[in-house]
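**Q** Below is one structure. I have some questions about it.
FYI, it's all coordinate maths here, none of it is from the lab. As the structure is a computational prediction, the values presented were derived from the model and not from experiment. Counting neighbours? That spans all protein chains shown, and the Cβs are built from the backbone with ideal geometry, glycine included.
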Amino acid sequence: MRLVFLVGAAIALPQADGSGCFAAQTPVTLWDGTRRAIANMSVGDVVRTWDESRGRPAAARVLAVTRLWSSEVMDILLEDGATRITSTPDHPFWSHGSGRIVSADPASTKADYGLEAFMIGANETFADEDGRPLRGAVVLGSPAVARQLRGGGGRREVFTLCLDRHHWFFAH
């Protein structure tokens, strides 16, 4: 079975509700190929990133781990049928299919990250760690997410990473 990964932006975020990125348990790929939950990442860890100019994986050092609370999250279900990635709607993703940054809330992506983004498709093609296409279905307001938010008082802790270069990391 092929392991699947999703590329996410690694931009420092302001401390504001509605911003964030990934649920605490989301695994992030380290440079050595191991994975660690984003909530357990530390400054100085080295993650696998994507070197856009060379079109290949590269290493990047974590400069900061940003921890926020958000009342809005969405799920992306990957084509393997087992991988569910929970993120905030404003989080930018690289669309392999359209060759541009997408999000479920482009206006907030611009405000929170300073990035121009296009609306994410209900069925989007992302990229795995080797740059190969990877299909995913975007689920806004899924019942599983709604249950999680109700159980957490309507807000959920979310995390992102600020990297020293390339601005992307692989979450899965």
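**Q** Rank-order 48-60, 77-89 by packing density, defined as the average count of other C-beta atoms within 10 Å over each peptide's residues, highest first.
**A** 77-89, 48-60
**Q** For ASP164 and VAL65, compute 0.36 nm times the residue count separating them, minus their Cα-Cα distance, and round to one decimal in nm.
**A** 34.4 nm
**Q** Same structure, new question: Would you calculate the separation in nanometres between label points at ASN40 and ARG155, each defined as 7 Å from the Cα along the Cα-to-beta-carbon direction?
**A** Placing both labels 7 Å along Cα→Cβ, they lie 2.6 nm apart.
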